[in-house]
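Asks: Okay, handing you the structure first.
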Amino acid sequence: MASTKVQRIMTQPINLIFRFLQSKARIQIWLFEQKDLRIEGRIIGFDEYMNLVLDDAEEINVKKSTRKSLGRILLKGDNITLMMNTGEVTSVHSTSDCKNR
């Protein structure tokens, strides 16, 4: 009887952020020491310090159940506690992208 081992491959955090960027997934970010505020948006850029450029960003007040549109923002990596996919994905291409296909 042969035993088969399932090997898990470790995912680097920067690779997961890159996957969020590629899939244009809408993500929710929990902020450091701000338990009542969260940020949602789509990653359009990031660096090795986990600084993020988010498009269509919204500030969510969990306590008041309100949303405030922020537009395009730069979020410093120091403020990030958790990032998760909200399940929304868009595959919208600009007209210039469609011309080149």
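The values are calculated or read from the model by the stated rules, or taken from the named source; none is laboratory data. Predicted model, so just to flag it, every value in this text is computed and none were measured. Neighbour counts run over all protein chains shown; Cβ positions are idealised from the backbone, glycine included.
Asks: I want to confirm something. Restricting to segment 63-101 and keeping residues that are of a type in the set (A, V, I, L, M, F, W, C) and modelled with pLDDT under 95, which single residue is farthest from L31 (Cα to Cα)? Explain how you work it out, then say what you get.
Replies: Within segment 63-101, the subset of a type in the set (A, V, I, L, M, F, W, C) is 70, 73-75, 80, 82-84, 89, 92, 98.
So of that shortlist, the ones also modelled with pLDDT under 95 come out as 89, 92, 98.
Details: V89: 22, V92: 28, C98: 37 Å.
My answer is C98.
Asks: Can you list residue pairs whose Cβ atoms sit under 6 Å apart, with the first residue in segment 36-50 being touching a residue at least 12 places away in the same chain (Cβ under 8 Å) and the second being not in a strand (DSSP E or B)? Count only pairs 6 or more apart in sequence or on different chains.
Replies: D36/V62; D36/K63; R42/K24; I43/F20; I43/L21; F46/I17; Y49/G77; M50/G77
Asks: Out of all the residues in segment 5-16, is one or more exposed (fewer than 13 other Cβ atoms within 10 Å of the Cβ) and modelled with pLDDT of 95 or more?
Replies: Of all residues in segment 5-16, those exposed (fewer than 13 other Cβ atoms within 10 Å of the Cβ) come to 5-16.
This time we only want the ones that are modelled with pLDDT of 95 or more, so: none.
The answer is no, given that none of the residues of segment 5-16 is exposed (fewer than 13 other Cβ atoms within 10 Å of the Cβ) and modelled with pLDDT of 95 or more.
Asks: Could you grab me the full set of residues in segment 33-64 that are aromatic (F, W, Y) and surrounded by 13 or more Cβ atoms within 10 Å (Cβ to Cβ)? Step through it out loud before you land on a result.
Replies: Within segment 33-64, the first condition is being aromatic (F, W, Y), and the residues that meet it are 46, 49.
Result: F46, single match.
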